[in-house]
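Okay, structure first, notes after.
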Amino acid sequence: MDEESMWKGFYEKLQQQKSVEEEVHDIRLLNKASLFLNGSRHLHLLHKNAYINGQWVSAASKAVFPVINPADDKVITEVPDMDAADAKVAVDVAANAFKKWKETTAKERSYVLRKWYDLCVKNTDSLAQIITAEAGKPLAESKGEIAYGNSFLEWFADTARHINGEIIPSPWPNKTIMLTRQPLGVVSVITPWNFPFAMITRKVGALMAAGCTCVIKPAEDTPLTALAAAQLAEEAGVPKGVINVVTSSRKNAPAVGKVLCEDPNIGCISFTGSTHVGKLLYGMASKGIKRVSLELGGNAPFIVFPSADIEHAVEHAMLAKFRNNGQACVGANRFLIHKDVFDKFVQTFKNKIAKGCIMGPGIKEGVTCGPLINTEQTKKVTELVDDALSKGAKAVIGGKPAPEVGNKFYESTILTDVKPDMKIYAEEIFGPVAVCHKFETEREVVEIANSTRSGLGSYVFTKDLGQAFRMSHQLDFGMVAINDGILSAAEPAFGGIKESGIGREGSKHGVEEYTDIKYTLFSALDK
């Protein structure tokens, strides 16, 4: 299954796997904590304990915090609110497990990853229901995330057996130079709430393939998906201590993060999240000269030239902007449209939004846009739009919250006439708001697109082959998609430049991030 078909149309084929009536019934059960562990075939992956050394455990303090369904603000369940001491235990366990795991063969690691992949595919429905409950995504989109996340486990199961070294021609007679790749050790995996399954498999699949172990700290909004993934890993035969999951609230997150960055047993910090938090973690990692893999914020331009197929561009604008309701680091943030096709693009985009963006709880049939993840994110989006409107911007469609649907819902919005003095002009929105600007020349649009410290993803729509190659060369972004609104998959190297991060995920480079190169010189072998 290719990436575009995976997301496009909200996965009609996957929706057919299970009736809407069953989906609604099961998600309602998720809202009743007393039913979480009742042995139902749909609830067997739901856990209210953390996972350390192959055991389901509470915080040493016995403290807990609630996991909230953003669609209706109901408490799904409570999970352990772990602190620095709990995190230290998990790191020590992972360090001990590393001693054995690093000695397994690539073939053995490949086999375990493949079994984990098979089990995740088999449990797609249950995993998707958990994502919808805690992250708010439409159920079909949650299933799409599972398919996407599974593709990394499948890829890294294969890649594990292709982590190769080098024999280099020696400058000296009777000597041989050998380079080998060795696992870094324990990896701290700190993941965001917007793709709670895929961000784990993309990191953990790679580090396990390399021979590393890990401690996962999932986002406080979405810990249940991480715990479900850990159970399936255990069922797949992942040894005790190789994967550990530490859950904590916002209150304890700084202390837990400090341990996961500064403990001597940590070899690498792998983080996906905001640039602000990434800088803090990078600073802590520097104290021990830790390896870091940082996938941070984006400010993606979506550029449409006069030669573009406008219908096609708008279709992909819907994917690039409104997937996960705009809550994606590679989501299109600034729509830069040539003046000759600006009106046509905006009108077509408006019509597509009016017909295709349907708000509601993720379990409801036909819904394509769920809630924003939490109150803070809803407030941020509201304030950005209100500031722009108060300074003269125009809302072509949308432009306000939708309290009649729920406290965390915001209308799919197009803004025009946005000026540099408006907060939304340069800030990553992370919500369902498309800001459309006019441009006149290729040189002008390149300058506008590059006028940001972010450099993750970018999108260009043109039928001019030379222009496509020029854009690929001139845009200061780690990834450039030509005539497509979806660019992530397991095979290519995912990552940004400037303040959008360090390192790459996916591809063979994603595994190499978790290895060190060892140089061995063989000499005097003829003596």
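The values are calculated or read from the model by the stated rules, or taken from the named source; none is laboratory data. From a predicted model like this one, the values you see are computed outputs, not experimental measurements. Here the Cβ is made from the backbone with ideal geometry for all residues, glycine too, and neighbour counts use every protein chain on show. The protein model used for the area step is the full one, side chains on, heavy atoms only, and it has no ligands, DNA or RNA in it. Shrake-Rupley method; radii C 1.70, N 1.55, O 1.52, S 1.80 Å.
Key figures for this structure:
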{"item": "Area of E411 that stays accessible when all protein chains are in place (1.4 Å probe, Å², to 10)", "result": "30"}
{"item": "Accessible area per residue in Å² at 1.4 Å probe, computed on the chain", "result": "40"}
{"item": "Over 30 Å between alpha carbons, listed pairs K74/K143; K352/K438; K122/K355", "result": "K122/K355"}
{"item": "Rule-of-thumb Rg ratio for the range 98-245 [Cα; 2.2 N^0.38 Å; N residues]", "result": "1.18"}
{"item": "Fraction of beta bridges assigned by DSSP in the chain that are antiparallel (%, nearest 5)", "result": "45"}
{"item": "Mean separation of Cα contacts under 8 Å (6+ apart) over length of the range 129-281, as relative contact order %", "result": "25"}
{"item": "Cleavage-rule hits (GluC sites (Glu not before Pro)) in the range 91-147: DSSP loop, at most 16 neighbouring Cβ within 10 angstrom", "result": "E103"}
{"item": "Carbon and sulfur %, accessible surface of the range 403-445 computed with the full protein complex present, 1.4 Å", "result": "47"}
{"item": "Identified option (computed volume of the Cα convex hull per residue in Å³; candidates (1) 177; (2) 153; (3) 254)", "result": "(2)"}
{"item": "Value at 222 nm in deg cm²/dmol, rounded to 500, when DSSP H runs of n ≥ 4 in the chain each add -39,500 (n - 2.57)", "result": "-12000 deg cm²/dmol"}
{"item": "Peptide ranges 241-247, 426-432 listed from the most packed, as the mean C-beta count within 10 angstrom indicates", "result": "241-247, 426-432"}
{"item": "Rounded to the nearest 20 debye, dipole of the chain from Cβ charges on Lys, Arg, Asp, Glu", "result": "1020"}
{"item": "Exceeding the 20 Å Cα-Cα cut-off - candidates K88/K115; K364/K408; K203/K518; K62/K137; K380/K408", "result": "K88/K115; K203/K518; K62/K137"}
{"item": "Whole-Å distance, taken between Cα centres, linking the range 315-347 and the range 94-130", "result": "37"}
{"item": "Accessible surface of the range 268-333 [probe 1.4 Å, protein heavy atoms]: carbon and sulfur percent", "result": "63"}
{"item": "Under 16 Å from the Cα of K100 - lysines, other chains or at least 8 residues apart", "result": "K240"}
